[in-house]
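Since every read-out is calculated from the coordinates, none of them should be taken as a lab result. None of these values were measured; they are calculated from a predicted model. Virtual Cβ from ideal backbone geometry, glycine too; neighbours counted across all protein chains shown.
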Amino acid sequence: METERLTIIELYRKGKDQSEILKFLNVPKTRRKFVYRTINRYKDTGSVSDKPRSGRPASVTTTRMRKIVRGRVWRNPSRSVRKMAAELKVSRSSLQRIVKRDLILSSFTKLKVHYLSKVMKEKRLKRSKGLIDRFAIQGLDHVLFSDEKLFTIEKAYNQQNERILSSTASTILRSTDM
């Protein structure tokens, strides 16, 4: 964008008017206002750089704070934003803005999945092949298959309370006991 502005100003300095610049640069109709504004800015300020922005400067969502939050999330992604805000002595909304807008992270619940190790997969394959061989002669008319499995009893688990900050949901899995 800056190079386009400089090109427009160079042509303007050489004595070309706005319509000649538009034709020379082959500017589409949607971008004509850009040329006019650039020339007017140059006439008013003598420069093509952006004017200083109005408004309050950022005091909390600074680069330093983003680095601190990124490090804390990387070390412990299940840390709540509210607790982190209290530790850093900043508002919860400012910290949420950093996490969501600047770091592009979202809060996800862990998915509960059954973990199958390589050994378990090999055992299952061997057993299923054995069953197929065993019943190949007789047929499978009178066989009942069940998917029952014994799981160890664990403490009461509420998925809604265990959140993880991550950019994608696919990275979050929670395996059950074997």
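In the list (1) 11, 39, 33, 15, 2, 0; (2) 8, 34, 36, 17, 5, 0; (3) 7, 19, 13, 14, 16, 11, 9, 7, 3, 0, the label attached to P(r) over Cα pairs in 10 Å bins from 0, in percent as derived from the coordinates here is (3). The distance linking the range 1-15 with the range 60-114 is 44 Å (Cα centroid to Cα centroid, whole angstrom). Remark on Ser106: its backbone amide H falls under 5 Å from those of Ser166, Ser167, a criterion applied only to residues 5 or more positions apart or on other chains, H modelled at 1.01 Å from N.
Only one residue of Ser19, Gly55, Thr168 has its Cα farthest out toward the positive end of the dipole of the chain, where Lys and Arg carry +1 and Asp and Glu -1 on Cβ, and that residue is Gly55.
Among Glu122, Glu20, Glu162, the largest mean-square fluctuation in a Gaussian network model of the chain (Cα springs under 10 Å) belongs to Glu20.
Per-residue ellipticity at 222 nm for the chain, helices alone: DSSP H runs ≥ 4 residues times -39500 (n - 2.57), over residue total, nearest 500 deg cm²/dmol? Present the calculation step by step, with values, prior to reporting the outcome.
Values: 7 runs with 80 residues, N = 178.
The per-residue figure over the chain is -14000 deg cm²/dmol.
Compared with the alpha-carbon gap, the fully stretched path from Glu10 to Trp74 is longer by 18.2 nm at 0.36 nm per residue.
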